[in-house]
Amino acid sequence: MDSSVILVIAIAAILGFAILFVLVTARRRASTGSLSRETRRRDASTPPDTTTPEGTSTDLVDTSAAARERADEARDSISGGVPVPAGGRAIAERQPVDEEELGITRRQFFNRGILAGIGVGVAGFGAASLAFIWPPSGVSGFGGKVDVGNLNDIDDTISKKIPFYNAAAKTYVQPYPTADVPKAKKITAYTPAIIKGMQQGYVALYQKCVHLGCRVPWCETSQWFECPCHGSKYNRVGEKRGGPAPRGLDHFALEISGGSMTVDTGTIVTGPPVGTDTTGQSAEGAPCV
């Protein structure tokens, strides 16, 4: 089963358990303060026979009669009947609780606050996970297709022996000699999409050094890319010429349409292996590193 499907099922299960927990807790809160089923059954049952059986003491009978008399007086006082005499004890009348006046208790407030926080957290995690699995279409900026600029501006820059750089795409655009395309076709790392850009006279190079990820600057004197972190060197088209880098610079596919260039940064094409030298360009001056 695909990992994304498993993650979706796990998120749905977590949300289901959270909803079930909220419902069970709410039902328990709703039953708080109400009489139990056993208590209501005892109240509705027939009171026991209070007749005096044979052999019962007369004192007990008198005590029971006095107790019933006091209970009758208290009941009458509550219902508006005979008032309770001075010094007597009255039974307090049970008044039903007004839920609107009572509102919510402190415990209920904290319980609901905790449950609401858990619910919001779980919902946010689920939404973020789904967004991670299915990213939105039409991504702009790095990670999608980036319009790096007008061809006239690109050609004007590289004519000065300086790579054309686009910060949004993190890309160097360099010229590629079309006469060397047959050599490039023999390198399996150069995919058809990269070869297509070479046939149009350009390569789009990822700025990151393949050794440890530093941004590789351009050295105007040697006309190479030279990494200041550990000394890796690449020629004008990104093929490795020295240092600890395990391969050449990674590439992006490019398209030219309507006088402008678009670079697809959504797919990084692994750079050519060590020993690749399709252009034969050597250092043209002193190194910068």
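Some observations on this one:
- Residue that is nearest to Gly141 (Cα to Cα) [pool: residues in the stretch 247-269 that are small (Gly, Ala, Ser) and at pLDDT 95 or above]: Ala253
- Extreme residue, surrounded by the most Cβ atoms within 10 Å (Cβ to Cβ), among residues of the stretch 186-214 that are of a type in the set (D, E, K, R) and closer than 16 Å to Gly248 by Cβ: Lys208
- The numbered conditions (1) over 18 Å from Asp250 (Cα atoms); (2) surrounded by 15 or more Cβ atoms within 10 Å (Cβ to Cβ); (3) under 38 Å from the mean Cα position of the chain (by Cα); (4) not charged (D, E, K, R) are all true for Ile154 except (3).
- Residue in the stretch 202-222 that is under 27 Å from Lys145 (Cα atoms), outside any strand (DSSP E or B) and in contact with a helix residue (DSSP H, G or I) (Cβ under 9 Å, 6 or more places away or on another chain) present: no
- Residues (open to solvent by 20 Å² or more (accessible area, probe 1.4 Å) and closer than 18 Å to Val237 by Cβ) located in the stretch 251-263: Ala253, Ile256
- Scan of the stretch 163-182 for residues that are outside any strand (DSSP E or B) and either under 15 Å from Leu249 (Cβ atoms) or of a type in the set (Asp, Glu) (or both), ordered by number: Pro163, Ala169, Lys170, Tyr176, Asp180
- When Gly238 is tested against (1) assigned to a strand (DSSP E or B); (2) within 19 Å of Ile158 (Cα to Cα), just one condition goes unmet, and that condition is (1).
- Restricting attention to the stretch 173-194, the residues being of a type in the set (A, V, I, L, M) and in contact with a helix residue (DSSP H, G or I) (Cβ under 6 Å, 6 or more places away or on another chain) number 3.
- Set Ala286, Ala245: member being open to solvent by less than 10 Å² (accessible area, probe 1.4 Å), more than 22 Å from Gly201 (Cα to Cα) and aliphatic (A, V, I, L, M): Ala245
- Restricting attention to the stretch 215-242, the residues that are touching a His at 6+ places or on another chain (Cβ under 7 Å) and open to solvent by 20 Å² or more (accessible area, probe 1.4 Å) total 1.
The values are calculated or read from the model by the stated rules, or taken from the named source; none is laboratory data. Treat the numbers as computed from the prediction; the structure is a model and nothing was measured. Please note: Cβ atoms are built from the backbone with ideal geometry, for glycine as well, and neighbour counts cover all protein chains shown. Quick note on the areas: whole protein, heavy atoms, side chains included, nothing else; ligands and nucleic acids left out. Shrake-Rupley method; radii C 1.70, N 1.55, O 1.52, S 1.80 Å.
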